[in-house]
Amino acid sequence: MKPDFLQAYKRMLFIRTAEQEIANLYLQDKIMSFVHFYVGQEAIAVGVCDALRKEDKVLGNHRSHGHYLAKGGDLKKMVCELLGKENGLACGKGGSMHMIDKSVNFVGSTPILGSVVPLSCGTAFEQKYRKKDGVTVAFLGDGAFEEGVVYETLNLSALFNLPLLLVVENNLFAVNSKLSDRRSLDYDSEKIVTGFGVTYVRADGNDYEDVFYKARQVVGEVRKGKPAVLECVAYRHMAHSAPIFDEGYREEDMLEKRQEKDPLKKVRQTLLKGGMSEEALAAIEEETKKTVLDSIEFAIHSPYPPKENLYTNLYAS
Ligand SMILES: Cc1ncc(C[n+]2csc(CCOP(=O)(O)OP(=O)(O)O)c2C)c(N)n1
């Protein structure tokens, strides 16, 4: 499996464009719930999901639009969910942070910080116990990685040789707390993870190629029952929640660094170097925007759930 930069660019661009248009919807007060944007971290979702198979299961968190779309999700259903529409991913009852789509093996996203970790442990356990094909991948942030349940899960996954990959998206902040306010100078994720007998690999989350190759390597190990953590360091370009550009708590150089390291720019450069023309890329960009806007229009004109649905799908059957 080799990286396909054109496909990767299309997928990353699709996520970026969708997020930007959803931000516009938010600014028009069309989305009444919390929304956490993934802009800047696209290389991680796409790099990891490109190393997966359809039967592999993915779980996400409060910032999971990119994970869902990278796993092959349907933007129409996703925007319907954000707008509380009946044909949304959770029938319009969950919103941005509660997406589920079994058709693409997106097991679900959950906003309680760290909760995705034990859930993914259970999914991986089920795959092993029932001798099913596939691995489980959970995406979590650097803040969630500090939750105690992560360490219980690392321990269990190593003990039971579970096909589990935790992808830690280290965007350097948990809301507005930077790493140095939360961790001692001697904090060492690699030592923590390997201390439990779990493989640890670090990737440049701004670089699709690096994420893809490292994900491919660890997923290969995970398929053999050797759990792993892939830590990808990247920048969150927008505010923690909703599209307010809150620079107050970030260092002066962060904005420049973010733009310089933009993961889309890098793949675009690779395509240009490989012989693609500016015109061909501009056509892809235009086409992508059209597809995204069509999905948003579809969602805007979709119906809200009828009152009778108020008490449906509240409990698992
Ligand atoms: C148990 C719990 N505590 C607090 C919150 C509020 N909260 C939502 S996101 C977040 C920070 C998450 O940081 P990180 O895991 O690094 O992910 P990022 O937002 O940077 O992607 C917090 C504290 C929560 N959702 N759940």
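The values are calculated or read from the model by the stated rules, or taken from the named source; none is laboratory data. All values reported here derive from a predicted model rather than from experimental measurement. Because the Cβ atoms are built from the backbone with ideal geometry, glycine has one as well, and the counts that use them run over all protein chains shown. SASA here: full protein model, heavy atoms, side chains in, ligands and nucleic acids out. Shrake-Rupley method; radii C 1.70, N 1.55, O 1.52, S 1.80 Å.
I want to confirm something. Restricting to segment 134-175 and keeping residues that are open to solvent by less than 20 Å² (accessible area, probe 1.4 Å), among the aromatic types (Phe, Trp, Tyr) and farther than 10 Å from Gly114 by Cβ, which single residue is farthest from the ligand (Cβ to nearest atom)?
Among residues in segment 134-175 that are open to solvent by less than 20 Å² (accessible area, probe 1.4 Å), among the aromatic types (Phe, Trp, Tyr) and farther than 10 Å from Gly114 by Cβ, the one farthest from the ligand (Cβ to nearest atom) is Phe139.
Hey, Ala174 hits all of (1) within 19 Å of the chain's Cα centre (by Cα); (2) on the phi > 0 side of the Ramachandran plot; (3) of a type in the set (Gly, Ala, Ser) but one; which does it fall short on?
Ala174 satisfies every listed condition except (2).
Residue by residue through segment 15-35, note down the ones that are open to solvent by 10 Å² or more (accessible area, probe 1.4 Å) and either in contact (Cβ under 8 Å) with a residue 12 or more places away in the chain or not in a loop (DSSP other than H, G, I, E, B) (or both). Quick ask: steps written out before the conclusion?
Initial filter on segment 15-35 (open to solvent by 10 Å² or more (accessible area, probe 1.4 Å)): 16-17, 20-21, 24, 26-30, 32-34.
Within segment 15-35, Arg16, Thr17, Gln20, Glu21, Asn24, Tyr26, Leu27, Lys30, Met32, Ser33, Phe34 meet the criteria.
Inspect all residues belonging to segment 33-42 and state whether any of them is farther than 17 Å from Ala239 by Cβ and either more than 16 Å from the ligand (Cβ to nearest atom) or in contact with a strand residue (DSSP E or B) (Cβ under 7 Å, 6 or more places away or on another chain) (or both).
Looking for residues that are farther than 17 Å from Ala239 by Cβ and either more than 16 Å from the ligand (Cβ to nearest atom) or in contact with a strand residue (DSSP E or B) (Cβ under 7 Å, 6 or more places away or on another chain) (or both), one finds none in segment 33-42, hence no.
If Ala70 satisfies all but one of (1) within 23 Å of Val168 (Cβ to Cβ); (2) more than 13 Å from the ligand (Cβ to nearest atom); (3) at pLDDT below 95, what's the number of the condition it fails?
The single condition Ala70 does not satisfy is (3).
As an exercise: evaluate Arg53 against (1) closer than 17 Å to Ala138 by Cβ; (2) within 16 Å of the ligand (Cβ to nearest atom); (3) in contact (Cβ under 8 Å) with a residue 12 or more places away in the chain and give the number of the one condition it does not meet.
(2)
Of all residues in segment 178-193, which are loosely packed, with under 15 Cβ neighbours inside 10 Å, hydroxyl-bearing (Ser, Thr, Tyr) and not in a loop (DSSP other than H, G, I, E, B)?
Correct list: Ser180 only.
Specify which of the listed residues (Glu308, Glu278) is touching a Leu at 6+ places or on another chain (Cβ under 8 Å) and over 25 Å from Ala51 (Cβ atoms).
Values: Glu308 fails: touching a Leu at 6+ places or on another chain (Cβ under 8 Å).
Answer to the check: Glu278.
Look through segment 294-317, keep the residues that are of a type in the set (Ser, Thr, Tyr) and not in a helix (DSSP H, G or I), and return whichever of them is least open to solvent (accessible area, probe 1.4 Å).
Ser302
Return the pairs, sorted by first residue and then second, in which the second residue is among the small types (Gly, Ala, Ser), the first residue lies in segment 278-293 and is open to solvent by less than 40 Å² (accessible area, probe 1.4 Å), the beta carbons are less than 6 Å apart, and the residues are 6+ apart or on different chains.
Close Cβ pairs (under 6 Å, with a partner that is among the small types (Gly, Ala, Ser)) amount to Val292/Ala18.
With (1) at negative phi; (2) modelled with pLDDT of 95 or more; (3) in contact with a helix residue (DSSP H, G or I) (Cβ under 6 Å, 6 or more places away or on another chain) as the list, and Ile31 as the residue in question, which single condition is left unmet?
(2)
Might you let me know whether segment 271-285 holds any residue that is among the acidic types (Asp, Glu) and closer than 27 Å to Gly95 by Cα?
No, the conditions are met nowhere in segment 271-285.
When only residues in segment 208-231 that are in contact with a Lys or Arg (Cβ under 8 Å, 6 or more places away or on another chain), over 19 Å from Lys132 (Cα atoms) and not charged (D, E, K, R) count, which is farthest from the ligand (Cβ to nearest atom)?
This residue is Tyr208.
Would it be correct to say that Met78 is out of contact with any helix residue (DSSP H, G or I) (no Cβ under 7 Å at 6 or more places or on another chain) and farther than 23 Å from Tyr213 by Cβ?
No, not satisfied.
What are the residue pairs meeting all of these: first residue in segment 105-130, first residue at positive phi, second residue within 15 Å of the ligand (Cβ to nearest atom) and open to solvent by 20 Å² or more (accessible area, probe 1.4 Å), Cβ atoms under 6 Å, and 6 or more apart or on different chains?
Gly114/Glu147; Gly114/Val149
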